[in-house]
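The values are calculated or read from the model by the stated rules, or taken from the named source; none is laboratory data. Computed from a predicted structure; not experimentally measured. Reconstructed Cβ throughout: ideal geometry from the backbone, glycine too, with neighbour counts over all protein chains shown. Ligands, DNA and RNA are excluded from the accessible area calculation, which covers all protein heavy atoms including side chains. Shrake-Rupley method; radii C 1.70, N 1.55, O 1.52, S 1.80 Å.
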Amino acid sequence: MTYQGLIHTYGHLLDLPLHTRTVSLLEGRTPLIKADNLARHLGGGFELFIKYEGLNPTGSFKDRGMTAAVSEALGRGATTVICASTGNTAASAAAYAARAGMKSIVLIPQGKVAAGKLAGAIAYGAQVIQIDGSFDDALTMVVEITNKHPICLVNSINPYRIEGQKTAAFEICDELGSAPDWLCLPVGNAGNITAYWAGFKQYSGLQSGLKSAFLPRLLGVQAAGAAPLVVGHAVENPETVATAIRIGKPARGEQALQAAEESKGRIIAVSDEKILDMQKLLAKLEGIWVEPASATGLAGLAEEVAGNRLKVEGLRVVAVCTGHGLKDAEIITREMRKPLVVPPRLEALEEAVLGN
Ligand SMILES: *Cc1c(COP(=O)(O)O)cnc(C)c1O
């Protein structure tokens, strides 16, 4: 049977109103890739899978929540959606709004959005507005304007975003036959970790008997310069190369902390250096190129395993890689050495390749 998207596949498990009118780009059903080389590099003796969310239609997991939020908005008769974004939400909102025939407005922090994300939002026809401030400022502003005017907010404060994002947990359980022992993922505004936990809890409730087999422990990972859930208070000027999680005041911070605790897991922070190292390692060892934020969960896993704080021996671990590397190509190109230039002659090529 041809695939018809997330609402078609999992809609019966999502709390969406009857008026919902499906807008889909056939998001979801992303691959769960076994990463044996990386697992071996981290010490071996366990199974590691990458949930490659960068393969969603606009290049990030945001499409899971956006199909739900825009479908609800369209069914309700809304004509305009708005969001604050570090980039991926903007691209996703713009694409789904375009498909629904709606207008989209996106607020981004000035100069802090990767080119590939901004380009997406523009290509999909969004009205892009830069805020001379942070993501947190932009989020406050979109909340205020939607309280005053009939514009639909599609940030992850919107409950339907969380409903849609639960589907990633469903897919993982369906594919593995149960939940993994650990799930590690980056945490920014904390919608995704909240949605995963809700999804796993809901799926475990559907199972008779084996309930705990459907509940993983959660390892949420923030960037050290933007780690409010680790330091225990809002961070005024968050800074990290992982722009997608450059957030100082997570909207669902309390829920994220609760999810981590309930799961007997935790939320930790890792340095930008470790994030970038992991980004390169994943690409080189497994052929999976993700944007920096997306490598954060794995970077946290690597640190916990190396520090003996997390014993993975014999376990099954899933790392959520939230967005595609192409979104932020510049992070690689700005450091790379220019490729060698040779004249168009076989001998020159031979010399370059064989070194003789
Ligand atoms: C949005 C985003 C995150 C953070 O997700 P939250 O739900 O805000 O915690 C992480 N990685 C990427 C690539 C994202 O786009």
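Considering LEU285, LEU281, LEU315, the condition of being in contact with a Leu (Cβ under 6 Å, 6 or more places away or on another chain), in contact (Cβ under 8 Å) with a residue 12 or more places away in the chain, open to solvent by 40 Å² or more (accessible area, probe 1.4 Å) and aliphatic (A, V, I, L, M) is satisfied by LEU285 alone.
Are any of the residues in region 76-87 within 16 Å of the ligand (Cβ to nearest atom), open to solvent by 10 Å² or more (accessible area, probe 1.4 Å) and in contact (Cβ under 8 Å) with a residue 24 or more places away in the chain? Yes, region 76-87 contains at least one residue that is within 16 Å of the ligand (Cβ to nearest atom), open to solvent by 10 Å² or more (accessible area, probe 1.4 Å) and in contact (Cβ under 8 Å) with a residue 24 or more places away in the chain.
If the condition is being more than 19 Å from the chain's Cα centre (by Cα) and either within 17 Å of ASN192 (Cβ to Cβ) or not assigned by TED's automatic domain parsing to the domain that holds ALA198 (or both), then region 266-276 contributes no residue at all.
Among the listed residues ALA95, ALA114, ALA119, which satisfies the condition of being within 16 Å of the ligand (Cβ to nearest atom) and surrounded by fewer than 16 Cβ atoms within 10 Å (Cβ to Cβ)?
After applying the criteria, what remains is ALA119.
When THR58 is tested against the conditions (1) more than 13 Å from ALA93 (Cβ to Cβ); (2) in a loop (DSSP other than H, G, I, E, B); (3) within 13 Å of the chain's Cα centre (by Cα), the lone failure is (1). If we keep just the residues of region 237-262 that are assigned to a loop (DSSP other than H, G, I, E, B) and farther than 22 Å from PHE61 by Cα, which is farthest from the ligand (Cβ to nearest atom)? Among them, the one singled out is ASN237. From the list GLU330, GLU351, exactly one residue is over 22 Å from LYS51 (Cα atoms), surrounded by 10 or more Cβ atoms within 10 Å (Cβ to Cβ) and within 16 Å of the ligand (Cβ to nearest atom). Which is it? Result of the check over GLU330, GLU351: GLU330.
Suppose the filter is within 14 Å of the ligand (Cβ to nearest atom), among the small types (Gly, Ala, Ser), surrounded by fewer than 24 Cβ atoms within 10 Å (Cβ to Cβ) and in the same structural domain as LYS201 (by TED's automatic domain parsing); does ALA234 pass it? Can you show your working first?
Details: within 14 Å of the ligand (Cβ to nearest atom): no; among the small types (Gly, Ala, Ser): yes; surrounded by fewer than 24 Cβ atoms within 10 Å (Cβ to Cβ): yes; in the same structural domain as LYS201 (by TED's automatic domain parsing): yes.
The answer is no for ALA234.
The criterion of at least 3 residues that are in contact with a Cys (Cβ under 8 Å, 6 or more places away or on another chain) and farther than 23 Å from ASN237 by Cα is met by the following strands (runs of 3 or more DSSP E) wholly inside region 77-160: 80-84. Checking region 207-219 against the condition returns no match, with no residue being buried (at least 18 other Cβ atoms within 10 Å of the Cβ) and within 11 Å of the ligand (Cβ to nearest atom). Considering region 263-278, the residues that are of a type in the set (A, V, I, L, M) and not in a helix (DSSP H, G or I) include one that is surrounded by the most Cβ atoms within 10 Å (Cβ to Cβ), namely VAL270.
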